Each structure stands twice: as C-alpha cells, then as structure tokens.
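Everything on this sheet refers to the single structure shown next.
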Amino acid sequence: MTQTASTPASAAGAQASGWRQARYLLAENPVSAMAFVLFALILLLALFGPWLVPYDPLATYAGEPLQAPSAAHWFGTDNLGRDVFSRVVVATRLDLSIALVAVALSFVFGSALGAMAGYYGGWIDRLSGRLLDTIMAFPLFVLAMGIVAAAGNTVENIVYATAIINLPFYARMARAEVNVRRNAGFVQAARLSGNSDWRILALHIFPNTLPPMMVQISLNMGWAILNAAGLSFIGLGVRPPTPEWGIMVAEGANFIISGEWWLVVFPGAALVLAVFTFNLLGDGLRDLVDPQRRT
Amino acid sequence: MQPALLDIDDLTIEFATRRGTVTAVEQVRLRLNKGETLGIVGESGSGKSVTSYAIMRILDRAGSIHRGSIRFSGIDLVGANERAMRDLRGREISMIFQNPRAALNPIRTVGKQIEDVLREHAMATRANAREKAIAMLRAVRIANPEGRYHAYPFELSGGMCQRVVIAIALACRPQMLIADEPTTGLDVTTQKAVLDLIKDLTREQRMATLLITHDLGLAAQYCDRIVVMQKGRIVEAADTATLFSSPQHDYTRRLLKATPGPESKVADLLPEGDARRALASPPNPEAPVLLSVEGLSKTFGAPGSPTSHRAVDNLSFKLHQGESLGLVGESGCGKSTTSAMLMRLLDQSAGALWFDGQDIGAIPSKQFARHPLRAQLQMVFQDPTDSLNPRWKVRDAIADPIRRLGGTGDKAQLRRRVEELAENVGLPVELLDRYPHQLSGGQKARVGIARAIALNPKMLILDEPTAALDVSVQAVVLNLLVDLKERLGMSYLFISHDLNVVRLMCDRVMIMQAGRLVEEGSTERLLNAPEHEYTRTLLAAIPNPPVPASA
Amino acid sequence: MRVSNKLKLVLLRLLQAVPALFGIVLVSFLLTRALPGDPAVYFAGPMADEQSIAEIRQQMGLDRPLPLQFFSYIGDLLQGELGQSISTGQPVLTELASRLPASLELTLFALLLSLLVALPLGILAATRPNSWVDHLCRVVVTAGVSLPTFFTGLLLLYIFYFLLGWAPSPMGRLDFAYLPPETVTGSFVIDALLAGDPETARAAFAQLLLPAITLGLFTLAPIARMTRAALIQVLEGEFIRTARAAGLARRKVLYRYGLRNAILPVITTLGMVFSFALGANVLVEKVFAWPGIGSFAVEALVVSDYAAVQGFVLCMAVLFVLLNLLIDVIYTLVDPRVRMES
C-alpha cells in the first residue's frame, strides 16, 4: 500500500535510501536528533557510570548531611551525607536494565504469542485473547503491585511484573500486524512457492511487522522505566541503600516540605530525562517508519 | 457564441513536496458550456483529478494554483474567497468522487446528510427538509426511500452509496456537476446504472457535467466532447466522434489502440512495428484435458447455520492443454474462492479436482505446499503491489519458488535462472536488486509473472492481472502473457470482470453468478450470441469505444 | 425497533463483562495460592510464629485441593469476605469501603479536569497544524507521558506549598480545623456544598486541587494525543471532502462530520486512560497522604498485610471493569456500526 511508487533514479538499494531517509529526517527534525544524542549519553552512563562518579554512592558522610548543591557536591547531599550526583549517575544502570530486560521479555513472548494468534486464528487466538483480556482487565500498575506483593519483594519480580503488564501491547500489535497480512498477495504467493507455514510467518510476514514494533519498543521503554520507578517509590523491589531513582525520590519526599528540594529534583529529573528520551526516540522512529502518520 | 459556463485558461498547479516543487497541471485550458458533458481522460498521474479539485478549490494544503484563471459563469474562482466558494459549492457546482462508501459520513444517516446540504444552502426549511431529502432519494431511484432515509452508509451497497452521493450533489440543482471516476471499483452493471442515472438527471436539469475517467470507452459513451491529458497537460481536445475517427496526437492514438474494443486483437493494442506484439495460435480442440473439475462447492460457516453461505455451488468444467479459459463474474460471485480452491490454497467442501491425471482434490491444501505438483500450478495475482513482499528484493522474490521447489542449490545457476526469467518477462536485469517500492506498476506486474513461471508450470491462474494497471501498461502485459503462453505451452485460467479483455485473451469463457456457472462456451459464440439473460446484461453494460473509422 | 436493538446490545455488553470478572477473580486467587512460597506465611504477617501460621493454614483451607479452595474463595467473595487487615484489625471490606469515596473523588475530579483541558487542546491542535497551539499540544503530550506522577506531585508541592504558600499542607482531604460533612455522595466538596457549608467546601477543594492537578496532568497527555491524531485522520477522510464539496459551513464540517467521528477512538482510549489513572492514583495518594484505598494499600505493603493488598487489587480491578463497561455502553450508543458480533 505504499504510495511511494515513484522510482528513484539511482539504483541504490533500499538500505542506502533508508539511511538517506534517516539522515534527512534527523536534519529536518532536530528534536529527534537530540533524542539520539541523549540516548547515547544515557547508554554511556549506564555502562560506565560507576567509574565516572566522584564519590562512592553508598558511602555516608555524617558530617555533611543535607548540603545544598555546591562545587564539591553538584547535586548536594542527602540526609546521610551521601553524594546525590554519584547516586543519580550510578542508578542509571539499574533503572535502565530493569526496563530493558522487562521490555525484551515482553517483546519476545508477546510478539510470538500475537503472531501465532494472528496467523493461525482459531483456538490459539481465542485462548491468547482471553489471557490478554484478563491481564488488561486490571489497571496495569495495580496488577504489577499485586504480582510483586504476591511473588515476593525482589528486583527480579519487578522485572517479571513489568514484563507481564507490557505483554498485551506487543501481543495485540503483533496479532493485528500479522492478521492484516495473513492473506496478502505476497503471502499467498509464498504458499504457492512451497513455503511452509512457519517459514511464511517467520521470513515473510514477521519482518514486515518489525517497524511498528520498534516504535512500540521505544515508547514502551519509557513507560517501563516509569513503572519500575513507581513500584520502588512505594517501597517495592529495590531496597535502600541501593541507588535507584524511584527510591531516591521517595526518600527525598520527606524533605520537600521543609525545602530540601535537591533530594527529589535531581533523581526525578534524571528519571524524566530518560523517559523523555525514549518517548522522543519513539516519535522519531515513527516518523522514520511511517511518514504518513506523523503526530 | 455564448460565454462558456466554465472557462479555464492557462491553469498551472504546483505541489510542494520533499523533493521540491512538482508541477501537477500545466497550462490547462478548457471550456464547458451549459448542458454539455465534457470528459477528461487520462492515465494515473495525468493531473485530471487535480484539475477538478482546483475548480472546487479543495486542493490539499500542499497544492496551490500557481498561474491561470478559472471562471465559472463569469465569477473568478481563483480569486474567490473561502466564503464565496462555500456558497458556490453544492449549490452551483457539485462534485462526486470515487469510492462512494468512504465519501459518506459513516455515523450519520444518509437522509440527514442530504438534509445538511439542503439546509446549508437554504433550499429547505426544518419543516420540509425531510420530505425533500426523501424526494431526492426517490429521484436517484433508491427503492423504499422513506426507509432508506434512516439507513447508515454501512447498511447500503456500494452502488446505493454512490446514488446517495449523487443525491447530495444534485440536491440543490447545481449548474455543473464534476464526477471524478464515479464508478471505479463498482461492477459493470452497477457502473452502467449509476452513469445512466447521472446522464438522465443532468439532462433533466440541463446541467453541465465534467466526467473524469481513465476509461476511454466510458467517456465515448457519455461525453459530447473529450480532452485527453498526459503528464499534466492537455494533449488533445475534440468532440467525441472526431477524437475517435481522426485522433491527432500520438498519445491519443496510442491510448485508443490500447483500449480493448469488440473488434481488436491482442496485438492491436500495441502500435504496429512494436516488437512486443504477440500472436495467439488458434485453439486446438484435440488437446488432452489438463484440469478437470467436477461438482466443486465451497460453503463458509457451519452447514445449516443462518450465517452459512455457499460461495461456490456445484462447479464443473474442463481445461485443455494449451487452452486459455476465461472466468467472468461480478464481485462476490465466487471467482476468488474458486481460484483459491483450484490453487489448493483452500479446501473444497465438496467436489473433485483432477490435474494432469492426478486427483489433487484429495490432497489437503496444507500438504499441497510441498507436493511435487505444486510447481505445476501457479498464479499471477491481481494487485502487483500487494503480491510482492515489501522487504524482499525482486531477485529473492523470483528465486523463492525455485529455492523451495526447484531443488536448485547452486547459487550461480539460480542467479542465471532468475536473470533468464527477468529477460523472458522483459524486466531489465539491473532492476533485480531493487525493492518493490522502487518499481512502477507495470514492472511489479512483470515480477509477479516471472515468479509465477519460474518453475515452468503447466497451468497458470491469472486473477485480474491487469485490473490495477493503466491501459497502456495493460496492453504490454497482455501481449507478454500471450507470448509466454505460446512459448512455454501453458494453460491459462483467466479471471476477469472485463469482457473486452477476456475477448482478447480467451478461447472459451465461463460466466459465473452467485456461485454458479450460468453460461459457458467459445468466446466467439458466447460474446456474439449470448444465451443467458445475465450474460446479455453484462455485455450490454460494457462501455465500448466507437470503432475508429480507419480500422 | 432501533431502540430495542440498542438495549439488546447494551445488555450484551453487560454480559461480556462476566468473563472479565471471572478472569480477575481467577488471577487474584492464583496470585495468593499458586505462587511459590507459603500463602499462610503472607497472611499471617511478619510477626507470626509457627503455630499461628499453621492455624491460618487450616483456617483458610490451604490444606485442601486447589479447585476446592477456588470455590470456597468465590463463596467468600460473594459474601464480601476479604479477610482481616492485620495492620488495622478491621475487615478489609470495611476499610476499603470507608476509603473508596476519597479515591473516587480524586480520580474522577482529575479526569474531569484533564478532559476539560485535553479535548479543546487536541481539537485546536488538529485544526491548526503547526500553529503555537499545535506545538503547545506536542510539548504537553510528550511532557505529560514522561513525568512520573510522584515527581510532578512533589514538584508542585515544593512550588505551591513551600515556596509560594498557596496550597494547604498535604495532609489528606480536609484540614484538622474542619469537620467532615455528612456523607451523601462521598465527595467532601459536594457534600459540604449540599450541607450548605461553603467554608468547608472551599477547604476541601483546596486540599483536592493539587493532587487532582497532578493526576490530571498525567491523564491529559493520552487524551489530547488521541483527540488530535483521531481528528487529523478523520479530517483527511473522503467524507470530509464530500462535505466540503457540498459547501457545508466550516463549523458544521468540523463538528458534525469531523469531531463526531473522531470522538469514537477517543472514547476507546479512555479505557487505557482509566487504567493509567487508577495506577497513578496510588502514587498520588502516597505523596499527598490522601486517605484513599491507594495509600491504604501502600501502608499495607510496607507491613506485608497481604489480605489488605489483595483486597485492594481486587477492588481496583472491579472498579476498572465497571469503568470499561461504561465506556463500552457509551460507545455502543454512539456508534451505529456496532453490531452483534461474537
């Protein structure tokens, strides 16, 4: 259904034109370009954070609690005298990994389930539909709370809970994308060419569903980070004194009404920045994948 | 000479795109008099629709009138402000579009939608709007107009939706009607009904009509004068008889030739001397039977349940080796279901299928994918874009059946074979490394054909292989198909709704209606002396261009 | 004929909520009984010794086979038996019932706020692409989905309570200086007004405003985004072109043809928005010490009061199903195309 039927004069492959398209969009849309830069920065902090920070994020300095931001402590210190900057930077890895693993899990299982349901229909479809409906019948954050509370208050369970509540998004998307292509001409042609069902699904249909899925992954990363931070904010999963953005905001909450703003603002801002980056990235990818549906 | 109702001069329209400004319409000049019907004919991208949008001043945001004037009964439409235009639209100039179902508000009853126009232009009051809307529905010959007044578009057929659109357009008795491909996508019989309706109503009200179409035959039948557009320019303008008897411009001549008529042969579609012209050999009645179908039926839904629907009902026929058999019917008649069963993509509910002496009907469709006979039964699909995987290179698309069924593991050999196939279908070899979206419609059609013949099948089902193509491309592809059939000795089952194309391509024809075969016979006999009432209706509905005097 | 058809469809929608409710009950049962670990330990709480755990196990029937346990679990639920909260000593049902009005007041008021802002914002952005409203909409939408509610809440507190002193202290629904009004609707603001006590109503409203804005900011984004996207898509539709070609006035094209179609996907999105709102509600309640079921659950989590948490999850899920049901019914009434499928 692409409307770009016009033939580019050069014989360059779609890969090259894809890159050109990407470069063009980045140049035209500086916001997406910024998102890519921020993403690289966050990735860097997650990988090398512990070696970059000036202080041990766990070390307490009883002598200097609740210091406002200064040259020595850029983001100030908390009530135990720990350096907020170091804690914020080191927390990047944990927050990012929770979200990444959760999203990866829900992508793999969700899209496999959805693709099967969309391709075969019938009882697989009905069964998976029931399962997803049941998950979606809960307010998702509340379900995550329930799962973590029941399965045990650990970081792994935060990951599983986040993966479970994200699963329906991938499954439904994969189902819809596979379903519209199930009887497309090229799929029928593949059948006539002697391809088996799983081959058609894996090699012919699934690659076509990837672009919208990538957008979903990016947007979902932001949401997963928010969820995990929200859970630790109410005391689930990550335990103090581990540095993690949600828990740091929770600890700082007691001091906000007495004016020690930096305990909340810096970890909160880091959280916002990370989520913001993934959301912008998702929007940018959407432009790349589907220029007609730019929002 | 009285002043024209519509007078367009030097109209140039530009579109701002990512690649810079594109001129869609250039220096167009045309006149339309009161009560006259003018056809604008052109292939896709000729700028015919854009011109009509400019008259209504409803171009997309990206498009703008760069130069020129449009005058409608003395009013300058290019300079008119939006308020003045709104007053004219629907009251003085109306427009109807293709795809009638999408042209109606899906969640408003059709009666209300007619009332909206009447009330907007003060042609009705709150008290009598409903009565007038029902009168309009009656005028466009909708049965039970009082009941249909409450219907939503999704409850009506495509043809009925187009009648409602016409009712909206004509409700305020405008002086001019613009019809932009009003029947594209509708069945021929519906097409005829809709166009006859437009003709009758505009005659009655002495309205001028601008009919925009890609179909020369259609324009010939309904228009007093015709302008031919190509790449944004008018190449020729003449009254209908003159245009067909002595076309002046080369493009017009080619277009006329490429439009299949009742007398043409497939080679005639291409200019004389064109190397691609193909000649079909006469049918051989002695040839052995290749495919034999007996009592083929397909029922969807549980038998006996109210939703159960018999799509194909007790179909029997034979296809001989080297024969080309046509299967003709309107949408929903069961053509596609039939072809899916013949291709073994779908299991039949009842009936037997014998192919090349083997009972393939007994093999479930799931297992047929790996059956040796799979290679012998191939298909060319209707929509060349939809039938190519957008993420696969052309080379891989053609190679796929050979890899899966051809048993060729040798890379160099495979490469040679794919290039040979490309040559066979007239596809430049350098295009093999492109992706489908980088090809034109005709090129994509060739890829589809190359893939279908990759395994040297004995039988090919051609499912409206040219329905999505412009006539000049269709001419080339049809000749290619005839040529390949001769060279490779294939049998064709040619599925189409277009009897003129079937006439060119087929030795025998079957007419299908509501899942049943209603008539079958040699093309010659069936089209010249149809026996069944339905065949006669179909034949009468085809718009035919007048036979050029020179032929 | 049409009316009775609609009625049938609405009844069908009600029936379709039954499997969802069953799923919820099954999941919440599985969460308690089928997970690794001993539920008796959870229910007994952290202070329990061997003997009390064993007692609880027998008392809960945990020594019986799972299907039997499930039936008695359903039986308990039907009688409103959700167990005892160990932190307060009260039946969980009583606790939830007394706190639910506070949560509802907050959530519904926040939704109302965000609808009032998001719909006009989305409409303006869609009808004036690339204008300042469009850009504002884009910023609000992206910021709205990126801001964690607990962070927004704390930030607003810092600005409006600590720096400016405009907001009252974040200590629940009503300052200690006032007496809660007599319960009619459960909303302090409305009840106080009904009781003819504008002073208390004002005080309750002041307490409500900041948490509601916090929650509203979060739900605003998806609504505005969907409104804008849906309206843009509808306005590109062919029937809009027909309406324009028929010379209909701009307002009529926009509202009668555009918006009425665009509102359908927005209604569908509301389901997701409710899901977000009920989840975020928990966080907002914690930040503002709002005495609803969310903060009750958070307190219960801290002391591993499992019966309370489970009751809370069940209560939220049922609430969500009811809200979705409402959306479905509205949709059924608005869209003529909804048929009796499935």
Seminar exercise, completed: Residues whose built amide H sits under 5 Å from the amide H of B:Arg233, excluding neighbours closer than 5 in sequence, are B:Glu26
Problem set entry | Cut-off under 5 Å, modelled amide H: who pairs with B:Leu77 long-range | B:Ile70, B:Arg71, B:Phe72
Seminar exercise, completed: For B:Leu279, A:Leu140, the accessible-area ranking with a 1.4 Å probe, largest leading, is B:Leu279, A:Leu140
Exercise. Roughly how many debye, to the nearest 20, is the charge dipole of the protein assembly as shown about its Cα centre, given +1 on each Lys and Arg Cβ, -1 on each Asp and Glu Cβ, and no other charges?
Worked result: 2640 debye
Problem set entry | Angle between chain B longest axis and helix B:471-488 axis [Cα atoms, degrees, rounded to 10] | 10 degrees
Problem set entry | Nitroxide proxy distance, nm - points 7 Å out along Cα→Cβ at B:Asn528 and C:Ser52 | 10.4 nm
For this session: Divide by every residue of chain C the summed helix terms, -39500 (n - 2.57) for each DSSP H run of at least 4, and state the resulting mean residue ellipticity at 222 nm, rounded to the nearest 500 deg cm²/dmol.
Result: -24000 deg cm²/dmol
Exercise. What is the Cα centroid distance between segment B:477-522 and segment B:374-394, reported in whole angstrom?
Worked result: 20 Å
Exercise. In the Gaussian network model of chain A, springs joining C-alpha atoms below 10 Å, which of A:Gly194, A:Gly237, A:Gly222 carries the largest mean-square fluctuation?
Worked result: A:Gly194
Exercise. How many nm is it between the label spots at C:Leu15 and C:Leu164, if each spot is 7 Å from the Cα in line with the beta carbon?
Worked result: 5.4 nm
Exercise. If one takes the longest principal axis of the Cα atoms in chain A, at what angle in degrees, from 0 to 90 and to the nearest 10, does the Cα axis of helix A:14-28 lie?
Worked result: 40 degrees
Seminar exercise, completed: Among C:Ala249, C:Ala317, C:Ala201, the residue with the largest mean-square fluctuation in a Gaussian network model of chain C built from Cα contacts under 10 Å is C:Ala249
Exercise. Too long at a 25 Å Cα-Cα cut-off: which of B:Lys192/B:Lys298; B:Lys335/B:Lys366; B:Lys444/B:Lys485?
Worked result: B:Lys192/B:Lys298
Seminar exercise, completed: Here segment B:118-128 yields Karplus 3J(HN,Hα) values (6.51, -1.76, 1.60; θ = phi - 60°; whole Hz; Gly and Pro given as x) of 4, 5, 4, 9, 6, 8, 8, 9, 4, 6, 10
Seminar exercise, completed: Membrane-span-like helices (DSSP H runs, Cα span along own axis at least 24 Å, mean Kyte-Doolittle at least 1.6) in chain C -> C:92-127, C:306-334
Exercise. Assuming R0 = 35 Å, what is the FRET efficiency of B:Arg516 and B:Ala102, from their Cβ-Cβ distance, to the nearest 0.05?
Worked result: 0.65
For this session: Measure nothing fancy, just the Cα-based angle from helix A:30-52's long axis to the longest principal axis of chain A, in degrees from 0 to 90, nearest 10.
Result: 50 degrees
For this session: Have a look at A:Thr92, A:Thr154, A:Thr277 and tell me which one the Gaussian network model of chain A (Cα, springs below 10 Å) gives the largest fluctuation.
Result: A:Thr154
Exercise. Dividing the Cα convex hull volume of segment B:290-541 by residue count, how many Å³ per residue is that?
Worked result: 135 Å³
Seminar exercise, completed: Shape call for chain A, from the Cα gyration tensor axes a ≥ b ≥ c (a/c under 1.5 means rounded, otherwise prolate when a/b beats b/c, else oblate), comes out oblate
Seminar exercise, completed: Taking A:Leu273, C:Leu264 and ranking on accessible area (1.4 Å, protein atoms only), highest first, one gets A:Leu273, C:Leu264
Exercise. Among rounded, prolate and oblate, which fits chain C when a ≥ b ≥ c are the square roots of the eigenvalues of its C-alpha gyration tensor, a/c under 1.5 means rounded, and a/b larger than b/c means prolate?
Worked result: oblate
Exercise. Once the other residues with Cβ under 15 Å from the Cβ of A:Ala99 are scored (Lys, Arg +1; Asp, Glu -1), what is the net sum?
Worked result: -2
Exercise. To the nearest 10 Å², what's A:Met34's accessible area with a 1.4 Å probe?
Worked result: 100 Å²
Problem set entry | Derived scalar couplings ³J(HN,Hα) [segment B:218-224; Karplus, 6.51 cos²θ - 1.76 cosθ + 1.60; whole Hz; x for Gly, Pro] | 4, 4, 4, 6, 10, 10, 7
Seminar exercise, completed: Computed ³J(HN,Hα) along segment A:126-136: with the Karplus parameters 6.51/-1.76/1.60, θ = phi - 60°, integer Hz and x for glycine or proline, the list is 5, 5, 5, x, 4, 4, 5, 4, 5, 4, 6
For this session: Calculate, for B:Val429 and B:Ala352, the FRET efficiency according to 1/(1 + (r/R0)^6) with r their C-beta to C-beta distance and R0 35 Å; round to the nearest 0.05.
Result: 0.20
For this session: Just reorder C:Val334, C:Val253 by solvent-accessible area, largest first, 1.4 Å probe, all chains present.
Result: C:Val334, C:Val253
Exercise. Given H placed on each backbone N at 1.01 Å, which residues far from B:Ser94 in sequence or on other chains put an amide H within less than 5 Å of it?
Worked result: B:Met176, B:Leu177, B:Ile178
For this session: Could you tell me which of rounded, prolate or oblate describes chain B, using a ≥ b ≥ c as the square roots of the eigenvalues of the alpha-carbon gyration tensor, with rounded for a/c under 1.5 and, failing that, prolate when a/b is larger than b/c and oblate otherwise?
Result: prolate
Problem set entry | Per-residue SASA entry for C:Lys252, accessible area with 1.4 Å probe, Å² rounded to 10 | 60 Å²
Seminar exercise, completed: Sorting A:Ala184, C:Val338, C:Val189 by the position of each Cα along the dipole of the protein assembly as shown (Lys, Arg +1; Asp, Glu -1; all at Cβ), the one nearest the positive end of that ordering is A:Ala184
Seminar exercise, completed: With all protein chains in place and a 1.4 Å probe, B:Ser472 shows an accessible area in Å² (nearest 10) of 40 Å²
Problem set entry | Part-to-part distance (alpha-carbon centres) for segment C:71-144 and segment B:1-28, which is given in Å | 55 Å
For this session: Would you mind computing, in nm to one decimal, how far apart the modelled labels at B:Ser316 and C:Phe22 are, each placed 7 Å from Cα along Cα→Cβ?
Result: 4.9 nm
Problem set entry | For segment C:229-330, with +1 on Lys and Arg beta carbons and -1 on Asp and Glu, the positive-most of C:Ala230, C:Val273, C:Gly247 along the dipole | C:Gly247
Exercise. Which is farthest toward the positive dipole end of chain A among A:Pro267, A:Val159, A:Asn195, measuring Cα position about the Cα centre, with Cβ charges +1 (Lys, Arg) and -1 (Asp, Glu)?
Worked result: A:Asn195
Exercise. Suppose every K and R has +1 on its Cβ and every D and E has -1 on its Cβ; what is the size of the dipole of segment A:156-295 about the Cα centre, in Debye to the nearest 20?
Worked result: 760 debye
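The values are calculated or read from the model by the stated rules, or taken from the named source; none is laboratory data. None of the values given here were measured: they were computed from a predicted structure. Please note: Cβ atoms are built from the backbone with ideal geometry, for glycine as well, and neighbour counts cover all protein chains shown. Please note that ligands, DNA and RNA were not included when accessible areas were found on the heavy atoms of the full protein model with its side chains. Shrake-Rupley method; radii C 1.70, N 1.55, O 1.52, S 1.80 Å.
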